[in-house]
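Student: Quick one: this structure, given as structure tokens, is what I'll be asking you about.
The values are calculated or read from the model by the stated rules, or taken from the named source; none is laboratory data. These numbers come from a predicted model, not from an experiment. Heads up, the Cβs are rebuilt from the backbone with ideal geometry, glycines too, and the neighbour counts pull from every protein chain shown.
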């Protein structure tokens, strides 16, 4: 069992617990030299459910199907229309070390579900912030159900998310 799997089982399977498990793994695998300063807040929300099945990924707007894959096999970096630079930085950093596809989405706050995570409140208070997500209910059929258990998570790909976050810390 991976370190992330153990942390997820201890905290809880779904929601914030998975993000906390990934954050703890990131903190535990950082090099000894701390980052120079805090530059960006990244909310980690539901980063453990992946599917290679065609049609496993849905979208809040049908038009998005023309631009994004139908398989839920990627991690998304999400922000509002003012978050272009932070999204680009996180995406570039994650792609430098992550072994999974990293896509991004920037949209008005009026898109349903767009502001349902912690990054929203950091942005509201003037901090650069983005959301790193597996897209939650747009992909995971177990979301907020009794079947949302650790066995439904992909810990190998969660480890890739951690590696990608290491890449974010290396990007200037």
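Student: I'm trying to understand the selection: among the residues of the stretch 128-170, which are touching a helix residue (DSSP H, G or I) at 6+ places or on another chain (Cβ under 6 Å), closer than 24 Å to residue 55 by Cβ and part of a loop (DSSP other than H, G, I, E, B)?
Tutor: Across the stretch 128-170, the qualifying residues are 142, 143.
Student: Can you tell me which residues in the stretch 140-172 are under 17 Å from residue 56 (Cα atoms) and touching a strand residue (DSSP E or B) at 6+ places or on another chain (Cβ under 9 Å)?
Tutor: 157
Student: Now, a different point. Please state which one of 93, 15, 55, 84 is surrounded by fewer than 21 Cβ atoms within 10 Å (Cβ to Cβ), at pLDDT 90 or above and either in contact with a strand residue (DSSP E or B) (Cβ under 9 Å, 6 or more places away or on another chain) or closer than 14 Å to residue 132 by Cα (or both). Give the derivation first.
Tutor: Details: 93 fails: surrounded by fewer than 21 Cβ atoms within 10 Å (Cβ to Cβ); 15 fails: at pLDDT 90 or above; 55 fails: either in contact with a strand residue (DSSP E or B) (Cβ under 9 Å, 6 or more places away or on another chain) or closer than 14 Å to residue 132 by Cα (or both).
Unique residue meeting the criteria: 84.
Student: Before we move on, is residue 92 more than 15 Å from the chain's Cα centre (by Cα), assigned to a helix (DSSP H, G or I) and on the phi < 0 side of the Ramachandran plot?
Tutor: Details: more than 15 Å from the chain's Cα centre (by Cα): no; assigned to a helix (DSSP H, G or I): yes; on the phi < 0 side of the Ramachandran plot: yes.
Criteria not met by residue 92.
Student: I'd like the residue in the stretch 70-89 that is in a loop (DSSP other than H, G, I, E, B) and within 19 Å of residue 57 (Cβ to Cβ) and, out of all such residues, is farthest from the chain's Cα centre (by Cα).
Tutor: Taking the stretch 70-89 and keeping what is in a loop (DSSP other than H, G, I, E, B), we get 70-74, 81-83.
Now restrict to residues that are within 19 Å of residue 57 (Cβ to Cβ): 70-74.
On the way: 70: 18, 71: 16, 72: 12, 73: 12, 74: 9 Å.
Restricting to residues being in a loop (DSSP other than H, G, I, E, B) and within 19 Å of residue 57 (Cβ to Cβ), the top hit is 70.
Student: Just the residues that are in contact with a strand residue (DSSP E or B) (Cβ under 9 Å, 6 or more places away or on another chain) and modelled with pLDDT under 75, please, taken from the stretch 96-118.
Tutor: The answer is 114, 115, 116, 118.
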